[in-house]
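Asks: Below is the structure I would like to discuss, written out as structure tokens.
Taken together, the values in this text are just the output of simple stated rules run on the coordinates, not laboratory data. A quick note: this is a predicted structure, and the numbers were derived from the prediction, not measured. Note that each Cβ is placed from the backbone with ideal geometry, even for glycine, and that neighbours are counted across all protein chains shown.
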Amino acid sequence: MATTHVKRAYRYRFIPTDAQAAELSRTFGCVRKVYNMALAARTQAWARQERINYNQTSAMLTVWKKTEELAYLNEVSSVPLQQALRHLQTAFANFFGKRARYPRFKSRKKSRQSAEYTTSAFRFRDGRLTLAKMSEPLDIVWSRPLPQGASPSTVTVSKDAAGRWFVSLLVEDPAVKPLPPTDSAVGIDAGLEHLVTLSTGEKITNLRHERADRVRLAKAQRQLARKAKGDGANRAKARRRVAKIHARITDRRRDHLHKLTTRLVRENQTLVIEDLTVRNMVKNHSLARAISDAAWRELRTMLEYKAAWYGRDLVVVDRFFPSSRLCSTCGTLQHRMPLSVRTWTCDSCGTAHDRDVNAARNLLAAGLAVSVCGAGVRPQRRTPGGQSATKQKTPRREP
């Protein structure tokens, strides 16, 4: 079986020295400054119905460095500053391609602090990584080995709100290979009571990581709210305490999703999911917290790139497909079904259904029809009056 070469990021914790922490903090600040200035320039040009590209912002950066006010930009490596401009160019490309919102300004307190180095700005030899402007290598905790013989193409250093330092190495990973083909296929219905329900009838429990730490988080947030805004050290300490709890929740949730998605991709050749509009769903204030905790968007993202890695097929069914109201046995379509209804019996064939299992089976049938026929074919649906539903939304396959 042919080996596929996949670009893969390996992230590790590291403990900087005082000098390294100071240098990286300066770099983070300069990256943020350059990004915001370039964004402001492009926004002003856009208001004048003009466009500024990466080359023009790069020329602006050269001019900025020569001014007395911004001379400090020369004290850090120029590569992360250029990379910030490239990231801004990508953000605008995504905006004009209607794949993202308009780029926003970076904040020291709210934005992720990071800097990206390319090969000209770091040295990686014998497992020791040294960044530009530094005399000593980073003290990295190698929690797992890099692929044998791998050489990073880019290195990203970041610091999260909890004060943890990370380094991410982007390498070409020859170990990622397509898995042997299998005949197994599964429909996946996302939910809140159960994170996912499979067409096999299996239900994966929603661990509700945020709810498990809600009491501790609320206490830390109350302590932060009591700190005066001018109380620098104490407020920063309280903010970091809140951030550590958030980090714990995020890490546990991501670990659970990685294990689940890897298992599903390894066991099944075809995976069928529903195209959920999470952005609109979280506008429901009574469910927003639970939906955010379930992380459906992250679940789908993991399935997408892991299916691409391992040669699996991921089919995304149209969000308007009535998977819950459609009888998976005879195809009868129920008129209404509130969320409170978890089990129901088909009026036509008398089959008793578990709402989530039935939805997963319908998603699987619709997804297989798309895979096999290459068209928007769905299970035959009949209304209680006996007339077939001819106008059907076509399931969309993710490009």
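Asks: Report, in degrees rounded to the nearest 10, the 0 to 90 angle that the Cα long axis of helix 232-267 makes with the longest principal axis of the chain.
Replies: For helix 232-267, the angle is close to 40 degrees.
Asks: May I pose another question? Under the classification rounded if a/c is under 1.5, otherwise prolate if a/b is larger than b/c and oblate if not, where does the stretch 89-147 fall, given a ≥ b ≥ c as square roots of the Cα gyration tensor eigenvalues?
Replies: Here the stretch 89-147 falls in the prolate category.
Asks: At a 10 angstrom cut-off on C-beta neighbours, averaged per residue, how do the peptides 86-92, 358-364 rank from highest to lowest?
Replies: 358-364, 86-92
Asks: Quick one: helix 78-96 against the long Cα principal axis of the chain, what's the angle to the nearest 10°, folded into 0 to 90?
Replies: On a 0 to 90 degree scale, this one is about 30.
Asks: Out of L260, L131, L70, any idea which swings most in a Gaussian network model of the chain, alpha carbons joined below 10 Å?
Replies: L70
Asks: Now for a separate question. If you line up the long axis of helix 296-310 against the longest principal axis of the chain, both from Cα atoms, how many degrees apart are they, to the nearest 10?
Replies: Here the helix axis deviates by roughly 90 degrees.
Asks: Now for a separate question. Could you give me the radius of gyration and the Dmax of the chain, taking only the C-alpha atoms into account and expressing both in angstrom?
Replies: For the chain, the Cα radius of gyration and maximum Cα-Cα distance read 25.4, 81 Å.
Asks: Beta carbons within 10 angstrom, averaged per residue: use that to sort the peptides 140-151, 193-204, highest first.
Replies: Result, highest mean first: 193-204, 140-151.
Asks: Where is the GNM fluctuation largest for the chain (alpha-carbon springs, 10 angstrom cutoff): H285, H246, H209?
Replies: H285
Asks: Another question about this same structure. For the chain, with a Gaussian network of springs between Cα atoms less than 10 Å apart, report the residue from R214, R99, R128 with the top mean-square fluctuation.
Replies: Checking each option, the largest mean-square fluctuation is seen for R99.
Asks: Then there is this: Check cross-link reach from K219 to the lysines: straight Cα distance under 22 Å, and skip same-chain residues fewer than eight apart.
Replies: Partners found: K109, K110, K227, K229, K237, K244.
Asks: Using a ≥ b ≥ c from the Cα gyration tensor of the stretch 1-124 (square roots of the eigenvalues), is it rounded, prolate or oblate, where a/c under 1.5 gives rounded and otherwise the larger of a/b and b/c decides, a/b for prolate?
Replies: oblate
Asks: With r defined as the distance between the Cβ atoms of R104 and N74 and R0 fixed at 30 Å, what FRET efficiency is calculated, to the nearest 0.05?
Replies: Efficiency for this residue pair is about 0.65.
Asks: If you average the C-alpha positions of the stretch 63-119 and of the stretch 217-254 separately, how far apart do those two centres end up, in angstrom?
Replies: 27
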